[in-house]
Every structure is written in C-alpha cells, then in structure tokens.
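Remarks on the structure that follows.
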C-alpha cells in the first residue's frame, strides 16, 4: 500500500504539539540571542573598566611612575593585613595612573591605593565596576558555568560571521548599499549586513578571543584528557610559574627591592606591570614579576623568585613560543586595553555595532514571520524589552552604585536579575503594549537614568578630574537617548527576503 499524504491526527505531529515545539524553538533562539546581546553590550562597556574604576573612586593619588623604594614601602604597610594570603601589586601606567595593592583569597577582597612615596592613601572599592565586569565574564553565575556560557556566545558569534559571509555572495560587493527611508525590515537587514562586513575583523577578533577565554577550562580539561589522563594539574603546571617546596614556617617578607633591581638589570627596556607575592609571610613565599615593553601587546618579560631572591624562572620576548605570546595577549586584544583612550573608544563603538548586528538579526526574523502571516507580537515585545531594558537596568544599577556604593555590592545582581525577569514577563503578557512603544519608553528611560547618574555623582563627589570625561560622555549620551523621536513600527508589508548575517536557529 502507498503511504498516505494526510497528516496523521495523532502522534508526534498533532498541530498542538507542532505549535508547542515551534514555540519552544523560538524561546531558545530568543534566549540565546539575548545572552549574546547582553555579553556584547557589557563587553562594550567593560572596555572602559579602567575609566569606570577611576570614576567610581575619584580624588585618590595619581602617579605616573613609582620608585622601587615606594613599592617596597607600600608592600610593607599592607603585609600585616595580608598575612599568608596572596598580594597583587599593580604598577601605574598611562591608562591607570595609580599604584594598587590587592588581596583576594576568594572569600574576601581588599584594595589599597598608595601615593608616589608608597604611603597608603586608603582602602577603596569599586562595586559597580566589579558588578559590570562579572556580568560580562560569567553572567554572575559560578565561574565554570558562567564562563562556559559566555565562551559559547563567542563560538556562536564566530560561526554566525563565517556562515553569514559564505551564504551571501554579494555581501562584500554591496558593502556600501543602504536602503534608507523605506521598509524598516530592509533598513534593518542592510544595517545588519553592512555593520557585519565593515567591522568584520573586529567581530572576528573579539568573538575568537572571547571564546578562547570563556572556554579555557574546557580547553584545559581536553588537553588533560589527551596528554595526562585527565590530570589538569599537569596542564596548569605547563602554564603557571613554578612553586617552591611547601614550607609553612613563618618568615619575614622577601627582599622586594633586590628583586626589582635584578629585573631592571636583566630587562632594562621593560617596565614593571604586575607583581604577585604568594604566601607573603611564609618560608615558601614566591614573587612573580611581569614587565611590559613599548610596542608589545602584553607583558612578555617575567621573573619568578623564591623567598631568598633566587630566580626560579625567567622569560623574555625572544624566548617565548608563539602559543605563549598568543595566550599572553588574549585579554589585551579582547578588551582593547592597548593604545590608550583612542583604541578604547574605537572598541566601544565597534562593540555597540556588534549589538546592532545582533538586534537587527532578530528584527529581520520577526519581520519575516509577520510577512509570512505568522506574526509573533509577544516575541516582538519581549525582544524590545531586552533590547532597551538591559541598558535601562544597567543605568539604574549605576545610579544605585553612585548613590549608595556600600549597598550596590549586595543588591546590584539581584536588582538586575529581578528587573530583567519582571520586564520580560510584563511585556510578554501585556498585549496592549507595542514593541515600538516599549522601545521608546525604555530608550528614554535609559537616557534619563544616565543623566540622573551624573547629577547624583556631582552631588556626592563634585567636579573631579577622575570623572569629568565620563560624566560629559554620559550626559551627552543620556540627552541623545532621551530626546523624543518618531514611534516607528515593525515592517509588515511583504518585501523581498533578505537573510540576516547572523543566522538565527529559530523557525
């Protein structure tokens, strides 16, 4: 007997089951697009992490460089508070003109700032900046899970870029073809494709480095399985500096001054970047010192000393493998922490372009559904709440961070999570709202909150050199976003199909 062409009335292909599966497919697609958008948005902001750090704690001593004696004096002052824990000393540079000392053992963290003579000016905290960077790096999830999800977004972005270029033979030829003033769907598609092509080197760089940074734990695990039968400690031993034999007996601080002098003599072209003192008050203390040279992306001169000042490991640019140079520059390349403020501004703008590419891809998908008679107004509203809800929520956390910094450390994460869930839920169920109305309301709310942030900042801190540039930028951006515009609409008429650069997995 021949097969029937009729759809069976029961089984897996009942219409209600098919609709449920398609709806679930859309939920997963929207959710993953939202994560990609959030990672891109916070990444564009995290480029300015050093600027936010200065802005959040203004008025502390700025130093262009410090002497070895000043570093020794600063370490000696905080050493009793650190005890046997690890102490990090970050040397000043052009982007972060402060001498910073940090103790972070996973349970508590303390940060001190020292002046040019090494006198401790005070203990500081930057809770909102830390909230922002943690959101970008691990989504405020446990480090392994959060980093894995963020790493997957890098993989998804990279694969979308490659598949988008390969599936659009004309995308390079039409790089400057923009259809403005007509259908919003065509405009969105053109902006999507043009921004995807114009900034392709940047998109590829940040997605690849983000994937490598986020999936580092998985990469280490895979290497351990291949090389050492699952022993990850042996893999980390290949990457981390050597450690002296365990000896927990109390001992005075190592001679930091002598170690710095040795490093200067053996690498006179380099400047100290970071010093890590492990087990500072024990006989098995060790000191790791990394140094930077002009023209190199990352610190490539490094020394590891034992408690008696003997060199256990020494590396210089000429002796590094290509893999070591790549690993050392991943973070610098990913965040744009090289080349000064001009590079940071360029990275920030390109990061926003990547947000637009992500958002416009979803807009085109929603418009295509509407054109085919399968409009999803609830998803249009949900996406609008994500697109502008996240900037508004982040702006609100910034207001709290400036107004009550002692509170933001404890409430910022829950405030962000609660408002995210509430905004998505509300826009999904309130059918009287339109996606255009939601966008306009949240965009103007974001602008207003940015201006409020600056006003609260000036009330608390006054006009400070550490905050002038960011306050001007936030005020201008806030006024631009809050300025009334036309309502706009999601294009409904059928127009020629234009596939987005970043292919959606949604049907």
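The values are calculated or read from the model by the stated rules, or taken from the named source; none is laboratory data. Because the structure is predicted, anything quoted here is derived from the model rather than measured. FYI the Cβ positions are ideal-geometry reconstructions off the backbone, even for glycines, and counts take in every protein chain you see.
Which of (1) closer than 30 Å to residue 244 by Cβ; (2) touching a residue at least 12 places away in the same chain (Cβ under 8 Å); (3) over 20 Å from the mean Cα position of the chain (by Cα) does residue 321 not meet, given it meets every other one?
Looking at each condition in turn, residue 321 falls short on (2).
Only residues that are over 21 Å from residue 470 (Cβ atoms) and not in a loop (DSSP other than H, G, I, E, B): list them for the stretch 42-72, please. Before the answer, list the steps.
Residues of the stretch 42-72 that are over 21 Å from residue 470 (Cβ atoms), as a first pass: 65-72.
Selection gives 68, 69, 70, 71, 72.
I'd like the residue in the stretch 255-268 that is in contact with a strand residue (DSSP E or B) (Cβ under 8 Å, 6 or more places away or on another chain) and free of Cβ contacts under 8 Å to residues at least 60 places away in the same chain and, out of all such residues, is farthest from residue 318 (Cα to Cα).
Per the stated criteria, the residue is 259.
Determine whether the stretch 438-445 contains at least one residue that is outside any helix (DSSP H, G or I) and out of contact with any strand residue (DSSP E or B) (no Cβ under 9 Å at 6 or more places or on another chain).
No, the stretch 438-445 contains no residue that is outside any helix (DSSP H, G or I) and out of contact with any strand residue (DSSP E or B) (no Cβ under 9 Å at 6 or more places or on another chain).
Quick one: which of 316, 334, 279 is surrounded by 14 or more Cβ atoms within 10 Å (Cβ to Cβ) and at positive phi? Spell out how you get there, then give the answer.
On the way: 316 fails: at positive phi; 334 fails: at positive phi.
That would be 279, the only listed residue that is surrounded by 14 or more Cβ atoms within 10 Å (Cβ to Cβ) and at positive phi.
If I go through the stretch 315-328 residue by residue, how many of them are at pLDDT 90 or above and outside any strand (DSSP E or B)?
Total meeting the criteria: 1.
Can you name the residue in the stretch 411-424 that is without any contact (Cβ under 8 Å) to a residue 12 or more places away in the chain and more than 12 Å from residue 386 (Cβ to Cβ) and, of all such residues, is surrounded by the most Cβ atoms within 10 Å (Cβ to Cβ)?
411
What residue, of 408, 402, 382, 429, is more than 30 Å from residue 462 (Cβ to Cβ) and buried (at least 21 other Cβ atoms within 10 Å of the Cβ)?
Residue meeting the stated conditions: 382.
Assuming residue 297 fulfils every condition listed in (1) outside the structural domain of residue 46 (by TED's automatic domain parsing); (2) crowded, with 19+ Cβ neighbours inside 10 Å apart from one, which condition is it?
Among (1) outside the structural domain of residue 46 (by TED's automatic domain parsing); (2) crowded, with 19+ Cβ neighbours inside 10 Å, the lone unmet condition for residue 297 is (2).
Return the only residue of 185, 179, 194, 173 being crowded, with 19+ Cβ neighbours inside 10 Å, modelled with pLDDT under 75 and closer than 21 Å to residue 353 by Cβ.
After applying the criteria, what remains is 185.
Give the stretch 224-254 a look and list any residue that's buried (at least 16 other Cβ atoms within 10 Å of the Cβ) and out of contact with any strand residue (DSSP E or B) (no Cβ under 7 Å at 6 or more places or on another chain), or say none.
Scanning the stretch 224-254 gives 224, 235, 253.
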